[in-house]
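See below for the structure under consideration.
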Amino acid sequence: MENTDEVFFGKLQNVKTSLIVMINEGQDPYDIINALAGQLELLSGEQGYAAEVEKCLNAVYGLGLRQEKPLSCVLEAVQERIQKISASEADGQLPPEVKKRLHFALEQHQNYANFLQEQLRKNR
């Protein structure tokens, strides 16, 4: 029967090895950080850790420092929400009050998408 410390050490070695492999493969630093966050989430059992790291990266490096990759990730997520809101708004069976709120949310998301696109344009 394996010692718990030995099992943890083995898993930690796997994380360390994967970091070296990703760097040697020349992977994107943001992808490396997100991959490591995912591995740490599994190792720690702390659900949501990887998502929180991604949010922080997007906020600080994307919106704060205006780096292209995180800005593009935020824009992609906003565009996906725009599609979902548009599909919901098109539902003919929704009450008028709900449609009104969806329309407002859609406008706000479109404004935010335009802002993100402008930030990306400025960086190029």
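The values are calculated or read from the model by the stated rules, or taken from the named source; none is laboratory data. Just so we're clear, the structure is a prediction, and the values are computed from it rather than from any experiment. Cβ atoms come from the backbone with ideal geometry, glycine included; neighbour counts cover every protein chain shown. The accessibility values were calculated without ligands, DNA or RNA, using every heavy atom of the protein model including side chains. Shrake-Rupley method; radii C 1.70, N 1.55, O 1.52, S 1.80 Å.
Miscellaneous remarks
- With respect to the conditions (1) open to solvent by less than 90 Å² (accessible area, probe 1.4 Å); (2) at pLDDT below 95; (3) over 20 Å from His109 (Cα atoms); (4) assigned to a helix (DSSP H, G or I), Gly92 falls short on a single one, namely (4).
- Condition met for Glu97 (part of a loop (DSSP other than H, G, I, E, B) and surrounded by fewer than 16 Cβ atoms within 10 Å (Cβ to Cβ)): no
- Just one residue in the set Ala35, Ala50 is in contact with a Ser or Thr (Cβ under 9 Å, 6 or more places away or on another chain) and touching a residue at least 12 places away in the same chain (Cβ under 8 Å); that residue is Ala35.
- Qualifying residue in the range 102-123 (condition: under 30 Å from Lys16 (Cβ atoms), among the aromatic types (Phe, Trp, Tyr) and touching a helix residue (DSSP H, G or I) at 6+ places or on another chain (Cβ under 7 Å)): no
- Residues of the range 14-27 that turn out to be touching a residue at least 24 places away in the same chain (Cβ under 8 Å) and surrounded by fewer than 14 Cβ atoms within 10 Å (Cβ to Cβ), as a count: 1
- Residues (modelled with pLDDT of 95 or more, outside any helix (DSSP H, G or I) and open to solvent by less than 70 Å² (accessible area, probe 1.4 Å)) located in the range 28-67: Gly48
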